[in-house]
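Structure first, then comments.
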Amino acid sequence: MKKPTEYNTYADIETVYECLKEQYKVADEDIILYGQSVGSGPTLDLASRLPNLRAVVLHSPILSGLRVLYPVKHTYWFDIYKRSYAFKRPSSRCLGIPGTTLTAQRFGVISGRILGELN
């Protein structure tokens, strides 16, 4: 069993994408990527490299807990995804869904603002 690391989450989503393409012959135009919470990091990373996706859905996205609380532009050792500073804006349509509790909604709105500031 693999250890849950940042690198392995990127490897996992890449493996699923390759399986869809190679084994099931699914075109990018028919793929909708979905990432929830910390899964939004690898989802956004993959989406930024695939210009022809149908869409991207980010549910309660979290790129960095610290970036939610403070307007920092660099990554610290304790951030969830240390590569988050390098994420690019996907060229496909993107839907962000905030959480349902007041805290989650506030968190989602702030994260949505940060996602909107991607290159």
For the stretch 1-52 the translational diffusion coefficient, Stokes-Einstein from a Kirkwood Rh over Cα pairs at 20 °C and viscosity 1.002 mPa s, in µm²/s, is roughly 184 µm²/s
Would you grab the residues whose amide H sits under 5 Å from the one on Cys94? Only those 5+ places off in sequence or on another chain, please, with H modelled 1.01 Å from N.
Val56
R0 of 30 Å, Cβ-Cβ distance Trp77-Glu14: FRET efficiency to nearest 0.05
0.80
Would you kindly derive the ³J(HN,Hα) couplings of the stretch 3-15 from the backbone phi angles with the Karplus curve 6.51 cos²θ - 1.76 cosθ + 1.60 (θ = phi - 60°), listing them in order in whole Hz, with x for Gly and Pro?
6, x, 10, 4, 4, 5, 5, 5, 5, 4, 5, 5, 5
Once amide hydrogens are built 1.01 Å from N within the peptide plane, the residues lying 5 or more places from His59 or on another chain with amide H under 5 Å from its amide H are Gly35, Gln36, Ser37, Ile97
Amide H neighbours of Val26 at under 5 Å, excluding residues fewer than 5 places away on the same chain, with H built from the backbone geometry, are Lys21
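Each reported figure results from applying straightforward, stated rules to the coordinates on display, with no laboratory input. Model, not experiment: these values are computed from the prediction. A quick note on method: Cβ atoms are made from the backbone with ideal geometry, for glycine too, and the neighbour counts reach across all protein chains shown.
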